[in-house]
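The block underneath contains the structure these notes are about, expressed in structure tokens.
The values are calculated or read from the model by the stated rules, or taken from the named source; none is laboratory data. Being a predicted model, the structure only gives us computed values, none of them experimental. Here the Cβ positions follow ideal geometry from the backbone for every residue, glycine too, while neighbour counts run over all protein chains shown. Quick note on the areas: whole protein, heavy atoms, side chains included, nothing else; ligands and nucleic acids left out. Shrake-Rupley method; radii C 1.70, N 1.55, O 1.52, S 1.80 Å.
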Amino acid sequence: MNILIVDDHPNIARVTEVALGLLGCRTFTTGTTSEALRLLCTEKVEAIFLDLNLRGESGLEFLSKLTALDSGTPVVIFTAKNKCEYAEEAQRRGAFSYLAKPFDLDDLRRQLTQIEYFHGNREGALITQERWGSP
Amino acid sequence: MRLLRLFLVRMSPSTRPVALAAAREAYPNAEVVEVGAMDDIGYDVVARNPELVVLTEPDTASAAHAIQALDSDGLPRWAVVILGSDMGEFAESVPPEQWNPQLLARVFRSAVQQHQLMCDNLRLRGDLRTIARRVTHDLYTPVGCITTSAHVLEAVLFQGDKESVEEMVQNVKNSSAEIARIIDRVSFVLRASADPHFPDRIEMSFASWNPTSGRPGRPWPSPLPGPR
């Protein structure tokens with residue numbers, strides 16, 4: 001599965017890349033929303049992992065823009081565990097789901113399984129579930 | 001003594017001399033401005049911002065106007081003394097039978113000091129709230145990264161991918177160092193907030209005054225190499 005990671009914290013972005021790589025995903029990473037839009041035009045992306053707390057245009061603003069574009073690409077937002085009110089706002093703005101930081105591989109695997117089901121790929125969902133153990 | 005600006009609002013012929021004498025006694029160098037109503041103070045903060053407003057027997061609206069006025073930082077804009085009936089806890093009120101220059105001078109000074117202390121306190125509490133908010137967010141990011149890196153590291157070690165292990169270890173080190181820097185900055189800011197006279201950081205190799213010559217100093221020579 002191709003995943004676009006939008007997070008301007010380089011360590012968080014990198015650890016997410018490695019974790020998604022372990023779960024069999026191909027990743028594209030950027031810290032800016034403008035670069036994210038460019039990657040969405042040039043690459044086949046099946047899900048976006050978006051940090052809400054970006055410098056410049058906020059994650060919520062970018063999420064609204066993505067929803068307005070109606071690309072059909074599910075957006076999973078990163079949020080700190082103590083900021084669940086932002087997660088609710090993000091879901092109102094069309095986020096597919098949210099991933100609370102810090103997350104582990106099981107959390108990521110659950111997200112990927114849901115995304116596979118969203119894309120109607122039951123077989124892929126089962127493969128993701130089997131990778132690194134069952135939920 | 002620093003220069004203050006006092007506004008006397010709606011002084012009657014009987015209170016005017018007492019209030020003026022009190023103002024002169026409390027702050028001999030103060031600029032005293034007399035106006036007919038609160039609206040006459042205006043909002044030209046730079047040119048006409050008083051530090052003490054004294055009102056005589058004000059109506060409720062004028063008293064509220066004086067007491068509730070805020071500056072651009074959201075702090076109480078000035079100290080308020082009301083010559084007349086009690087208007088609540090946010091202004092000093094002095095009943096008519098106590099209107100004499102000596103007592104009013106003490107009340108004026110007390111009101112100005114109390115206002116200054118209240119502003120300092122509110123400012124400090126605002127700073128601490130900002131610090132707490134920033135610390136929560138800024139510390140949470142590297143801590144979250146360390147936690148996730150540890151989970152990934154565990155999985156990678158199980159798989160035996162040496163390159164990813166090195167990368168995750170580096171991630172843990174970077175995030176730990178980031179937390180250490182934040183703690184250092186927070187510690188400095190908190191000490192500076194608690195003590196307004198907290199010393200600035202200076203270059204320790206430079207002596208600002210040479211006590212033997214009585215002239216401004218020059219950089220100390222580099223220390224000789226060797227054991228200390």
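Some values worked out for this structure:
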{"item": "Filter result for residue A:108 (within 14 Å of chain B (Cβ to nearest Cβ), at pLDDT 90 or above and crowded, with 16+ Cβ neighbours inside 10 Å)", "result": "yes"}
{"item": "Candidate set: the range A:78-97, residues that are within 22 Å of residue A:15 (Cα to Cα), touching a strand residue (DSSP E or B) at 6+ places or on another chain (Cβ under 6 Å) and within 14 Å of chain B (Cβ to nearest Cβ); chosen: the one most open to solvent (accessible area, probe 1.4 Å)", "result": "A:81"}
{"item": "Long-range neighbours under 6 Å by Cβ, at least six apart or interchain, first residue at the interface with chain A (Cβ under 8 Å from one of its Cβ atoms) and in contact (Cβ under 8 Å) with a residue 24 or more places away in the chain within the range B:134-147, second outside any helix (DSSP H, G or I) and among the hydrophobic types (A, V, I, L, M, F, W, C)", "result": "none"}
{"item": "From the options B:172, B:152, residue that is more than 7 Å from chain A (Cβ to nearest Cβ) and of a type in the set (Val, Ile, Thr)", "result": "B:172"}
{"item": "The range A:1-40: number of residues that are surrounded by fewer than 16 Cβ atoms within 10 Å (Cβ to Cβ) and within 14 Å of chain B (Cβ to nearest Cβ)", "result": "2"}
{"item": "Qualifying residue in the range A:49-57 (condition: at pLDDT 90 or above, surrounded by 19 or more Cβ atoms within 10 Å (Cβ to Cβ) and hydrophobic (A, V, I, L, M, F, W, C))", "result": "yes"}
{"item": "Which numbered condition residue B:126 misses (of (1) within 7 Å of another protein chain (Cβ to nearest Cβ); (2) open to solvent by less than 50 Å² (accessible area, probe 1.4 Å); (3) out of contact with any His (no Cβ under 8 Å at 6 or more places or on another chain))", "result": "(1)"}
{"item": "So residue B:176, is it touching a residue at least 24 places away in the same chain (Cβ under 8 Å), within 30 Å of residue A:13 (Cα to Cα) and either of a type in the set (Ser, Thr, Tyr) or touching a Leu at 6+ places or on another chain (Cβ under 6 Å) (or both)", "result": "yes"}
{"item": "Boolean, residue B:118 is hydrophobic (A, V, I, L, M, F, W, C), open to solvent by 60 Å² or more (accessible area, probe 1.4 Å) and either facing chain A (nearest Cβ under 9 Å) or within 30 Å of residue B:78 (Cα to Cα) (or both)", "result": "yes"}
{"item": "Of all residues in the range B:1-23 being touching a residue at least 60 places away in the same chain (Cβ under 8 Å) and part of a helix (DSSP H, G or I), the one that is nearest to the chain's Cα centre (by Cα)", "result": "B:23"}
{"item": "Flag for residue B:202 being under 29 Å from the mean Cα position of the chain (by Cα) and either at the interface with chain A (Cβ under 8 Å from one of its Cβ atoms) or modelled with pLDDT of 80 or more (or both)", "result": "no"}
